[in-house]
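Visitor: Encoded as structure tokens, here's the structure I'll be asking about.
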Amino acid sequence: MNIPQRISYWNRDHPYLLQTILRTILGLVLLQKGIGFLSNSEQLKTLILQSHFQAWTTFLVSYIVFAHLLGGTFIIIGLLTRAAILLQLPVLIGATFFINPAQGAFALNFEFFLSLAVLALLIYFLVKGPGEIAMDAYLKKHLL
């Protein structure tokens, strides 16, 4: 039995665990990027100044750090997941299609592929929802 078949069988026996693990990893990546941007905001300002969004630099730096820190935390615990994802989408669309190409992203740049993977996971969880192992599901079952 090959690895994809094993993952498929395992996922069939544990249907929400793989989704929860992916959601947690996504949230941790966003939280880590937010902490990195917070501790090195000058680098983020430089990236924005090199793009098409120079007039909005101060607002964008604040928004990106806020969205990654708050959104990453909410995505990890599965609280207001879709709202947190909606906060992230403009940042990741900008990073994937405007910031990274200006940095030479199509020359196999890791940041481009990371942004693309995070954007794909955000869209997946926006459509699919946070899963059953999340605060959203708990609140829906117990409080609503």
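Coordinate-derived values only; no laboratory data. Everything numeric here is computed off the predicted structure, so don't read it as measured data. We place every Cβ from the backbone using ideal geometry, glycine too, and count neighbours over all the protein chains shown.
Visitor: Tell me, please, whether a residue that is charged (D, E, K, R), on the phi < 0 side of the Ramachandran plot and over 14 Å from the mean Cα position of the chain (by Cα) can be found in the range 35-46.
Guide: yes
Visitor: From the set of residues in the range 82-96 that are surrounded by 17 or more Cβ atoms within 10 Å (Cβ to Cβ) and among the β-branched types (Val, Ile, Thr), which is nearest to the chain's Cα centre (by Cα)?
Guide: Here the answer is Ile85.
Visitor: Continuing with the same structure: Please enumerate the residues belonging to the range 112-123 that are under 15 Å from Arg82 (Cβ atoms) and touching a residue at least 60 places away in the same chain (Cβ under 8 Å).
Guide: Leu121, Leu122
Visitor: Just give me the residues in the range 123-133 being touching a Phe, Trp or Tyr at 6+ places or on another chain (Cβ under 9 Å) and within 11 Å of Ile76 (Cα to Cα), in sequence order.
Guide: Correct list: Ile133 only.
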